[in-house]
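Before any comments, here is the structure.
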Amino acid sequence: MQEIRLLSKQSKKIEKELVTFYKTIGNMCSLNSKTTEIFAYLKIYDALSQVQLRKLTGFSLGTISATLQSFLDLDIINRGMIPKTHKNLYRIKPENVNFVYTPNIRIIADLEKLDSFIVEKQTELQALQSKHPIEVTFLHMRLNSLRNYAEVQRRQISREKKYSFFPEDVSELKSLDQTITYPFEIKELEENIMEILGYYRDDPIKVRIRSIFFTHRSVNQQKLMDLSGFSRSTISRFLDQELKREYIRVLPRENRKPRIYYLHSISLTILSNILRTDNYIYSYIPRFHEILTTLQSERQSERDRQDVTFLVAKIEEIIRHIEDFRNGTRFIRQAYHDLLKFLE
């Protein structure tokens with residue numbers, strides 16, 4: 001076991017494009033940018049030391065060390081000491097991870113936990129049904145949407161069909177321009193949902209605001225400030241980001257009334273984003289072939305031959321990985337189609 005040779009300065013442009021490919025995927029999945037960049041370099045080089053990662057990323061050793069520990073906890077890398085040194089080499093475990101640093105086994109474990117938690121909370125809410133029928137039914141349906149998302153992922157990751165889908169339409173209870181007001185405390189429920197999902201643990205602002213959209217569906221900016229306790233500038237920044245991602249939408253302004261922002265279907269919104277990300281991954285194959293053609297034509301040029309050999313092998317590997325990934329994700333595409341048909 002020894003340190004991997006890093007690419008020369010001549011090949012940094014291609015290296016950067018590969019990193020950007022992974023970072024774009026991470027951004028589309030709302031994942032942490034620095035964590036994704038470290039993951040990207042590990043995917044490219046297969047194994048790196050902390051010193052090499054610092055040189056490649058420019059991040060502090062503290063950030064790199066904490067990130068690598070989180071990867072060890074997720075079981076997507078292993079660690080081994082380089083002989084006759086005090087350096088550890090961190091090696092990616094390709095069988096445990098695809099194009100983002102969250103392994104499928106962790107995703108499905110979290111979703112099964114979430115599903116059980118929701119069933120428990122829906123049962124508890126029934127005690128309030130007679131007193132608050134609209135509010136309880138509304139929240140029940142919003143939680144159903146999360147269960148539908150979990151079911152689609154179950155069919156993709158576990159290849160298991162555990163349930164039929166659940167009704168989630170709340171339009172007959174409240175129109176989009178109306179914000180639900182709960183007469184009972186649901187903040188703890190929201191926090192528990194987001195904690196179980198675990199996607200945004202390093203971004204408490206996103207955790208809090210998305211949880212409000214999960215349970216309330218539609219809110220104006222002032223209501224978001226009241227419910228979250230965040231400033232207007234923080235809320236505005238979040239809304240701008242989520243509108244660009246098409247995670248939330250906004251109703252047309254009416255007669256100087258506050259604009260209403262909404263997350264219509266939790267399940268369809270998250271799944272649409274996943275499929276959009278998958279399509280981005282597939283769409284990059286032609287570009288990778290272009291890079292391959294360029295590299296293969298440069299075998300006798302001034303470009304470092306070791307760089308060429310390494311990059312050709314790596315890009316061919318990524319293309320194979322994408323093809324396998326596309327074949328494997330046919331289950332989520334079918335489950336998404338089935339959910340759309342159910343919700344018609």
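For the reader, a short list of remarks on this structure follows.
- Pairs of Lys residues in region 1-102 are counted when their Cα atoms are under 19 angstrom apart and they lie 8 or more places apart or on different chains; the count is 20.
- For region 104-270, the number of Lys pairs with C-alpha atoms closer than 17 Å, counting only pairs eight or more positions apart or on separate chains, is 11.
- Relative packing of peptides 230-242, 130-142, 15-27 - highest average C-beta neighbours within 10 Å first: 15-27, 130-142, 230-242
- For LEU89, residues with placed amide H under 5 Å, excluding near neighbours: GLY80, MET81, ILE82
- Between 0 and 90°, nearest 10: helix 104-125 axis offset from the chain longest Cα axis: 10 degrees
- Simple rule: put +1 on each Lys or Arg Cβ and -1 on each Asp or Glu Cβ in the chain, find the dipole, and look at THR234, HIS289, SER130; the Cα lying farthest toward the positive end is HIS289.
- The angle between the Cα long axis of helix 187-197 and the longest principal axis of the Cα atoms of the chain comes to about 30 degrees, rounded to the nearest 10.
- Debye-sum result for region 104-270 in log10 I(q)/I(0), which assumes one identical scatterer on each alpha carbon, at q = 0.11, 0.19 Å⁻¹: -0.45, -1.35
- Build a GNM of the chain with springs between Cα atoms under 10 Å apart, and of ALA66, ALA150, ALA40 the one that fluctuates most is ALA66.
- Derived scalar couplings between HN and Hα for region 65-75 equal 4, 5, 5, 4, 5, 5, 5, 5, 5, 7, 6 Hz in order, rounded to whole Hz, by the Karplus curve 6.51 cos²θ - 1.76 cosθ + 1.60 (θ = phi - 60°), x for Gly and Pro.
- Cα-projected label distance for ARG333 with LYS9, points at 7 Å along beta-carbon direction, nm: 4.5 nm
- For the chain, built as a Gaussian network whose Cα springs stay under 10 Å, the top-fluctuating residue of GLU112, GLU254, GLU124: GLU254
- Here the Debye sum runs over all C-alpha atoms of region 223-344 as equal scatterers in vacuum, and log10 of I(q)/I(0) at q = 0.12, 0.18, 0.23 Å⁻¹ comes out as -0.72, -0.99, -1.26.
- Dipole magnitude for the chain: computed about the Cα centre from +1 point charges on Lys and Arg Cβ and -1 point charges on Asp and Glu Cβ, it is near 880 debye.
- Each listed q (0.09, 0.11, 0.14, 0.15 Å⁻¹) maps to a log10 I(q)/I(0) for the chain, found by the Debye formula over equal Cα scatterers with no solvent: -0.58, -0.83, -1.18, -1.29.
- For the chain, the longest principal axis of the Cα atoms and the long axis of helix 12-28 meet at an angle of about 20 degrees.
- Between the beta carbons of ASN88 and GLN296, assuming R0 = 25 Å, the FRET efficiency works out to 0.10 to the nearest 0.05.
- Extending 7 Å from the Cα toward the beta-carbon at both ASN104 and ARG232 defines two label points whose distance is 4.8 nm.
- Database remark: amide H of ILE260 closer than 5 angstrom to the amide H of LEU251 (H placed geometrically; neighbours at sequence offset of 5 or more, or on other chains; Pro and chain starts carry no H).
- When the chain is treated as a GNM with alpha-carbon contacts under 10 Å, the residue of ILE274, ILE82, ILE92 showing the greatest mean-square fluctuation is ILE82.
Each reported figure results from applying straightforward, stated rules to the coordinates on display, with no laboratory input. Quick caveat, the model's predicted, so the values are computed rather than measured. Neighbour counts are summed over all protein chains in view; Cβ atoms, including those assigned to glycine, are modelled from backbone coordinates with ideal geometry.
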